[in-house]
Structures are given as structure tokens and as C-alpha cells.
Amino acid sequence: MTDIDHIEIIGLIAATLTTAAFLPQVYQTWKTKDVSGLNLPMLAMFLISTLPTI
């Protein structure tokens with residue numbers, strides 16, 4: 001493996017953990033049907049951070 005491979009693996013792990021950290025909030029919102037706890041700037045940062053992985 002080259003250094004690029006290691007960096008890509010770390011990036012994929014980071015993207016997976018970022019998405020996984022967001023899932024409890026999605027579940028809670030879905031379950032309660034209450035979106036008042038959602039933070040628009042946080043959602044925007046999440047979307048921007050995950051776009052390169054799509």
C-alpha cells in the first residue's frame with residue numbers, strides 16, 4: 001500500500017463515522033416527528049462534508 005491508500009482509507013473511515021454519528025438524530029426525529037431539535041448550520045456542514053464521498 002502506498003501513502004495515498006492509507007489516506008483514502010482514513011478518509012472513508014472518517015466519512016463513515018461522520019454519517020454514523022448523525023443517524024441517532026435522524027432516528028429520534030423520525031420517531032418523534034419533531035424537527036425543532038434540528039440545527040440548520042450543522043445539517044449544512046454535514047451535507048457539505050459528505051458530498052465528496054457521494
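No value in this document is a laboratory result; all are computed from the given coordinates. Remember, it's a predicted structure, so these values are computed and weren't measured experimentally. So basically every Cβ, Gly included, is an ideal-geometry build from the backbone, and we count neighbours across all protein chains shown.
For semi-axes √(5λ) of the Cα gyration tensor in Å, the listed values are (1) 14, 11, 11; (2) 29, 12, 6; (3) 23, 16, 10; which was obtained by calculation from the structure presented?
Derived directly from the coordinates: (2).
Hey, what do the phi angles of region 17-32 turn into as Karplus ³J(HN,Hα) couplings, whole Hz, using 6.51/-1.76/1.60 and θ = phi - 60°, x for Gly and Pro?
With the stated coefficients, region 17-32 comes to 5, 4, 5, 4, 5, 7, 4, x, 5, 4, 4, 4, 5, 4, 5, 8 Hz.
Work out the FRET efficiency for L40 and T18 from their Cβ-Cβ distance, taking R0 = 22 Å, and round it to the nearest 0.05. Display every interim value, and only then the final one.
Values: r = 17 Å, r/R0 = 0.79.
FRET efficiency, L40 to T18: 0.80.
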